[in-house]
1. Which of the residues belonging to segment 43-69 are part of a strand (DSSP E or B) and out of contact with any strand residue (DSSP E or B) (no Cβ under 6 Å at 6 or more places or on another chain)?
2. Any residue in segment 78-89 that is outside any loop (DSSP other than H, G, I, E, B) sitting within a Cβ distance under 6 Å of a residue that is polar (S, T, N, Q) and at pLDDT 90 or above? List the pairs, counting only those 6 or more apart or interchain.
3. Among the residues of segment 15-42, write down those that are assigned to a strand (DSSP E or B) and in contact (Cβ under 8 Å) with a residue 12 or more places away in the chain.
4. Residues to consider are Gly211, Gly165, Gly136; find the one that is at pLDDT 80 or above and either in a loop (DSSP other than H, G, I, E, B) or not aromatic (Phe, Trp, Tyr) (or both).
5. For Ala40, all conditions in the list (1) closer than 25 Å to Gly156 by Cβ; (2) at pLDDT below 90; (3) surrounded by 16 or more Cβ atoms within 10 Å (Cβ to Cβ) hold save one; what is the number of the exception?
Amino acid sequence: MTDRVVQKVLAAHEDLALGQGTETQTRNGVGQTVTKIDLAFVVASLADLQALDTSRYFHATLDTSTQTLYYRFDILSAEVVDSYNYVAPLEGSGQWVLIQDVRNVFVPTTQESNSQDVASGTLTATSSVVLLRGQGDTTDTLNRIRRSPTVDGYLGDKLTLIYGGTGTYVITINDVSGGGNNVRTRSGSAIVFTDTTTATDSSIISLIFDGTDWVQT
């Protein structure tokens with residue numbers, strides 16, 4: 001009996017004709033025109049996105065622990081670089097442009113208001129529905145809402161805040177006219193949730209991001 005060891009080498013990105021359009025390859029001594037494969041390359045950071053070879057990759061997915069964003073490379077784009085909506089490659093012209101209509105959307109889950117940066121009056125909302133609960137059932141004041149540490153929101157984003165109090169404490173959401181940073185209430189005054197707030201309209205507010213502020217609808 002003869003034992004044979006078979007070594008299998010899996011195809012990698014380096015083995016593929018990546019990009020857009022066609023190229024000529026020699027097969028069995030004959031030149032043939034083949035279509036390149038346009039794959040979205042997955043990266044874990046903006047630095048990795050900037051380092052991508054834009055002659056081979058035209059679409060990319062930025063997948064972090066908190067969000068997934070989709071980009072396309074636009075050789076003609078010359079917008080103001082903000083390292084989010086527009087990302088400049090390390091070499092050459094053009095920009096990676098965020099495709100907002102297929103970006104990662106809010107996931108309907110609940111989140112305590114104090115889970116991120118409440119000490120500075122900021123709620124980082126990683127979900128479409130946020131259950132506002134004070135840390136240790138204590139008073140909280142929210143002045144600013146944002147999607148990520150660097151982005152307040154995207155035009156048209158919708159957010160629902162629900163008072164989830166079970167103790168004696170107050171949650172105050174300040175309007176921009178009263179110390180708030182980017183929240184605009186219908187009344188122009190602060191919205192105050194207390195332990196006496198019941199599960200009615202007074203305990204739920206809906207907001208939409210207008211490109212600058214979160215506006216109560």
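1. Thr68
2. Partner pairs satisfying both residue conditions: Tyr86/Gln95.
3. Going through segment 15-42, the residues assigned to a strand (DSSP E or B) turn out to be 18, 22-27, 30-35, 37, 40-42.
Across segment 15-42, the qualifying residues are Leu18, Thr22, Glu23, Val34, Thr35, Ile37, Ala40, Phe41, Val42.
4. Only one candidate qualifies: Gly211.
5. With respect to (1) closer than 25 Å to Gly156 by Cβ; (2) at pLDDT below 90; (3) surrounded by 16 or more Cβ atoms within 10 Å (Cβ to Cβ), Ala40 is out only on (3).
To keep it simple, each residue is scored yes or no on (1) over 30 Å from Ile171 (Cα atoms); (2) modelled with pLDDT under 75; (3) in the same structural domain as Arg184 (by TED's automatic domain parsing).
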| position | (1), (2), (3) |
| --- | --- |
| Tyr57 | yes, no, no |
| Val80 | yes, no, no |
| Tyr86 | yes, no, no |
| Gln100 | yes, yes, no |
| Val118 | no, yes, yes |
| Thr124 | no, no, yes |
| Ser148 | no, no, yes |
| Val151 | no, no, yes |
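The values are calculated or read from the model by the stated rules, or taken from the named source; none is laboratory data. Since the model is a prediction, treat every value here as computed from it, not as a measurement. No Cβ is skipped: glycine too gets one built from the backbone with ideal geometry, and neighbour counts run over all protein chains shown.
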